[in-house]
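The values are calculated or read from the model by the stated rules, or taken from the named source; none is laboratory data. No experiment lies behind these values; they were computed from the predicted model shown. With ideal geometry, Cβ positions are generated from the backbone for all residues, glycine too; neighbour counts draw on all protein chains shown.
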Amino acid sequence: MTAALLTLADSRLPAGGHTHSGGVEQAIAAGVVHDPRSLEVFLRRRLTTAGATAAGLAAAACRAAGGATGGVTGRATGLADALARLDAEADARTPSPALRQASRQQGRGLVRVGRRAWPGPLWDELPAHPHHPLALGVAAAAGGLDPADAAQAAAYLSITGSATAAQRLLAMDPITVATVTARLTAEVDDVAARVADGADPDPSWLPADTDPLLDLLAEVHADRGDRYFAS
């Protein structure tokens, strides 16, 4: 594991993720999450749906960006088109408008950080307001990582943000929450390995796992006036 991968998966990376709960704030309000056991169920559900989809998109974006550079500086041939197609696929796999907005907000935040941390021409090939998994895949490529690394970072991030938010909202013991996420590490690896094995810029292979509950929670949360998190 390289330092670049650790950096991408670090919650201290100022890419805006700390302002999003990944649906857990509304899940708590609805009584779906209320203790460590229910949090673990929620995180596993998120990992195997939205997390798997994000991991696939990140791996595909990383492969497209890595293959397009080939050591040549300047505009990467065909990369902008490939990333635009993946961005459209991310839209299609995110039925909730609120979740699409949250993903693009986090994508913009990561691009701002990535341009300074790993400068180079790749960033100019992204759409103006990319989905977060695409920005993550390009960041991984810019940092010298491979699609498997990008997938692992995306899968891991799909649970850690929600876990941290739940800890804050429910005043849960940090050690307990850390234990919950640690129990899911093997499943994070499995999800990442499954999607990275087929990673290709061609969108036909991409996971399309969605969860109507997450979509519903996001839309209800967006209408609230007393929320602590953006999503």
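See the values below:
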quantity	calculated
Which numbered condition Val138 misses (of (1) at pLDDT 95 or above; (2) assigned to a loop (DSSP other than H, G, I, E, B); (3) under 23 Å from Gly109 (Cα atoms))	(2)
Pairs, first in a helix (DSSP H, G or I) in the stretch 208-226, second hydroxyl-bearing (Ser, Thr, Tyr) and crowded, with 17+ Cβ neighbours inside 10 Å, C-beta under 6 Å, six or more apart	Asp215/Ser96; Ala218/Ser96; Glu219/Ser96
Residue in the stretch 21-61 that is nearest to Val177 (Cα to Cα), counting only those that are touching an Asp or Glu at 6+ places or on another chain (Cβ under 6 Å) and of a type in the set (S, T, N, Q)	Thr49
Boolean, Ala182 is surrounded by 19 or more Cβ atoms within 10 Å (Cβ to Cβ) and either more than 26 Å from Thr19 (Cβ to Cβ) or small (Gly, Ala, Ser) (or both)	no
Residue satisfying all of: in the stretch 196-231; among the charged types (D, E, K, R), within 18 Å of Ala92 (Cβ to Cβ) and more than 18 Å from the chain's Cα centre (by Cα); modelled with the lowest pLDDT among these	Asp202
Subset of the stretch 126-142 [out of contact with any Cys (no Cβ under 6 Å at 6 or more places or on another chain) and either small (Gly, Ala, Ser) or surrounded by 22 or more Cβ atoms within 10 Å (Cβ to Cβ) (or both)]	Leu126, Ala128, Pro130, His131, His132, Pro133, Leu134, Ala135, Leu136, Val138, Ala139, Ala142
From the options Ala154, Ala150, Ala193, Ala163, residue that is surrounded by fewer than 16 Cβ atoms within 10 Å (Cβ to Cβ), at negative phi and either outside any helix (DSSP H, G or I) or hydrophobic (A, V, I, L, M, F, W, C) (or both)	Ala193
Tally, over the stretch 115-156, of residues that are touching a Phe, Trp or Tyr at 6+ places or on another chain (Cβ under 9 Å) and not small (Gly, Ala, Ser)	2
Residue identified as among the basic types (Lys, Arg) and either touching a strand residue (DSSP E or B) at 6+ places or on another chain (Cβ under 6 Å) or farther than 17 Å from Leu86 by Cβ (or both) among Arg104, Arg108, Arg115	Arg115
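Each row is one residue, and each column tells you yes or no for (1) modelled with pLDDT of 95 or more; (2) touching a Gly at 6+ places or on another chain (Cβ under 7 Å); (3) among the aliphatic types (A, V, I, L, M); (4) under 22 Å from Gly56 (Cβ atoms).
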| residue | (1), (2), (3), (4) |
| --- | --- |
| Gly114 | no, no, no, yes |
| Pro119 | no, no, no, no |
| His131 | yes, yes, no, yes |
| Gly143 | no, no, no, yes |
| Pro147 | no, no, no, yes |
| Leu169 | yes, no, yes, no |
| Arg194 | no, no, no, yes |
